[in-house]
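The values are calculated or read from the model by the stated rules, or taken from the named source; none is laboratory data. Everything numeric here is computed off the predicted structure, so don't read it as measured data. Every residue, glycine among them, receives a Cβ derived from its backbone with ideal geometry; neighbour counts consider all protein chains shown. Just so you know, the surface numbers come from the protein's heavy atoms only, side chains and all, with ligands and any DNA or RNA stripped out. Shrake-Rupley method; radii C 1.70, N 1.55, O 1.52, S 1.80 Å.
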Amino acid sequence: MAAARNPGKAAPMQAYMKTDQPFYGIQAVERRQIFKECAAEYPVGSREAYEDVIRTLWNGSHREDLYQALETAEHFKTFRTPESWPLYEFLVRTSSNWDTLDWIATKLIGGLIPQDRNLERHLKVWRFDSNVWVRRASLLAHLKHGAETNFELLGETIRLLARDREFFVRKAIGWVLREKAKTQPRWVIDFVRELDGQLSNLSRREALKNVSPKEDPDRDL
């Protein structure tokens, strides 16, 4: 990646993410190609190597190093098992912005929950964490579960966080409800009505983006 750096793109990318961490200036398509070539030449063959590569990249000097850590974590599916939970929780707790946290929460953490529902106990604890990114992860872990969504736990989590003042928590509430509305619009409509006056305008607006007037004729448009 150092050889592929592009200073002309690095500064705008860093400004967009509002981070002090420098970028190489490598956009996603080229970065993924670099990863693909390296993964093919140097495949990860053990859990020890899996964790070592991820932690090494995660501690890298540039933002793209972190992205490659997450590419590694996602790519080698053999190791995406409940045994990796401590590593993934470490990544959640050391994330500093939505670009990494959302990836970890939706793809890595979210991918483990259906494998072992006992892991939901951690999500319940995360809801009360002082770290905004950990609280956001307790919501976004449900994002991609589709028919396997634990609606009871998701609903309980949203009720607990409905009055959270952090923008990224409010946005996550709206995002996860908007996603569920694609397949369960009635549940989302009824749930938003139940929390009338508790959800922020941002959460409510995002939640109902995928709900048509026909599905919710009483909606205040």
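Determine the pairs where a residue that is more than 27 Å from M17 (Cβ to Cβ), located within the range 71-98, has a partner that is assigned to a loop (DSSP other than H, G, I, E, B) and open to solvent by 40 Å² or more (accessible area, probe 1.4 Å) with Cβ atoms under 7 Å apart, the partner being 6 or more residues away or on another chain.
If the second residue must be assigned to a loop (DSSP other than H, G, I, E, B) and open to solvent by 40 Å² or more (accessible area, probe 1.4 Å), the pairs left are P82/D116.
Any idea how many residues of the range 158-186 are surrounded by fewer than 18 Cβ atoms within 10 Å (Cβ to Cβ), over 15 Å from L143 (Cβ atoms) and touching a residue at least 12 places away in the same chain (Cβ under 8 Å)?
Residues meeting the conditions: 8.
Might you let me know whether the range 79-95 holds any residue that is under 20 Å from I26 (Cβ atoms) and open to solvent by 20 Å² or more (accessible area, probe 1.4 Å)?
Scanning the range 79-95 turns up no residue that is under 20 Å from I26 (Cβ atoms) and open to solvent by 20 Å² or more (accessible area, probe 1.4 Å).
Considering each of L202, L119 in turn, give the residue that is touching a residue at least 24 places away in the same chain (Cβ under 8 Å) and closer than 20 Å to L91 by Cβ.
So the residue among L202, L119 that is touching a residue at least 24 places away in the same chain (Cβ under 8 Å) and closer than 20 Å to L91 by Cβ is L119.
Of all residues in the range 16-71, which are part of a loop (DSSP other than H, G, I, E, B), of a type in the set (F, W, Y) and under 25 Å from P86 (Cβ atoms)?
Y42
Would you check if there is a residue in the range 124-131 being of a type in the set (A, V, I, L, M) and in contact (Cβ under 8 Å) with a residue 12 or more places away in the chain? Full working, then the answer.
Filtering the range 124-131 for residues of a type in the set (A, V, I, L, M) gives 125.
Cutting the leftovers down to in contact (Cβ under 8 Å) with a residue 12 or more places away in the chain gives us none.
Checked against the condition, which is being of a type in the set (A, V, I, L, M) and in contact (Cβ under 8 Å) with a residue 12 or more places away in the chain, the range 124-131 yields no hits at all.
May I ask you to list the residues in the range 118-138 that are within 17 Å of N150 (Cα to Cα), hydrophobic (A, V, I, L, M, F, W, C) and loosely packed, with under 15 Cβ neighbours inside 10 Å?
Scanning the range 118-138 gives a single hit, V125.
Of the conditions (1) over 15 Å from the mean Cα position of the chain (by Cα); (2) of a type in the set (A, V, I, L, M, F, W, C); (3) farther than 29 Å from P86 by Cβ, L177 fails just one. Which one is it?
It fails just one condition, (1).
Return yes or no: is R5 of a type outside the set (A, V, I, L, M) and outside any helix (DSSP H, G or I)?
yes
Filter the range 51-75 for residues that are open to solvent by less than 30 Å² (accessible area, probe 1.4 Å) and either aliphatic (A, V, I, L, M) or within 24 Å of R117 (Cβ to Cβ) (or both) and give the result.
I54, L66, A69, L70, A73
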